[in-house]
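*Asks:* Sharing a structure with you now.
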Amino acid sequence: MTARLRILIAADDITAASTLGALLRHSSHELRVAPDNKGAVDLAKAWAPHVALVDLEMPGVQTFRRDMDTHKIVEARIWVYDDVFVNKFWSA
């Protein structure tokens, strides 16, 4: 038997969030959807999801930076939840 997970979907594209949500609900996971970054942070703090699927290009937060010549991602920002949110950075 597969464990039931609490999954947070954060996406400003409601069609994409709804489609992904429908697929995951079919697998019996518990879902919540946040349409913006602030809502996602607030919901994660209150609900403590096991997994967060986050749209990297939502308005209001720069989550990654591309090299203008190669178009490769050279820096990314992720958020780690462990009692508090902590910003983590990765740079190439």
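The values are calculated or read from the model by the stated rules, or taken from the named source; none is laboratory data. Because the structure is a prediction, the values reported are computed rather than measured. Positions of Cβ are backbone-derived with ideal geometry, glycine not excepted, and every protein chain shown enters the neighbour counts.
*Asks:* Taking into account only those residues within the stretch 1-20 that are of a type in the set (Val, Ile, Thr) and free of Cβ contacts under 8 Å to residues at least 12 places away in the same chain, which is surrounded by the most Cβ atoms within 10 Å (Cβ to Cβ)?
*Replies:* THR19
*Asks:* So which residues in the stretch 22-52 are part of a helix (DSSP H, G or I), small (Gly, Ala, Ser) and within 22 Å of THR63 (Cα to Cα)?
*Replies:* GLY39, ALA40, ALA44
*Asks:* Could you list, in sequence order, the residues of the stretch 5-30 that are at pLDDT 90 or above and among the basic types (Lys, Arg)?
*Replies:* ARG6, the sole residue that qualifies.
*Asks:* Still on this structure: Taking the stretch 39-56 only, how many residues are without any contact (Cβ under 8 Å) to a residue 24 or more places away in the chain and surrounded by 12 or more Cβ atoms within 10 Å (Cβ to Cβ)?
*Replies:* Within the stretch 39-56, residues that are without any contact (Cβ under 8 Å) to a residue 24 or more places away in the chain and surrounded by 12 or more Cβ atoms within 10 Å (Cβ to Cβ) number 2.
*Asks:* Sticking with this structure for a sec: Of all residues in the stretch 53-83 being out of contact with any strand residue (DSSP E or B) (no Cβ under 8 Å at 6 or more places or on another chain) and either part of a strand (DSSP E or B) or at pLDDT 75 or above (or both), which is nearest to ALA16 (Cα to Cα)?
*Replies:* GLU57
*Asks:* Kindly indicate whether any position in the stretch 5-19 is part of a loop (DSSP other than H, G, I, E, B), closer than 16 Å to THR63 by Cβ and of a type outside the set (Asp, Glu).
*Replies:* yes
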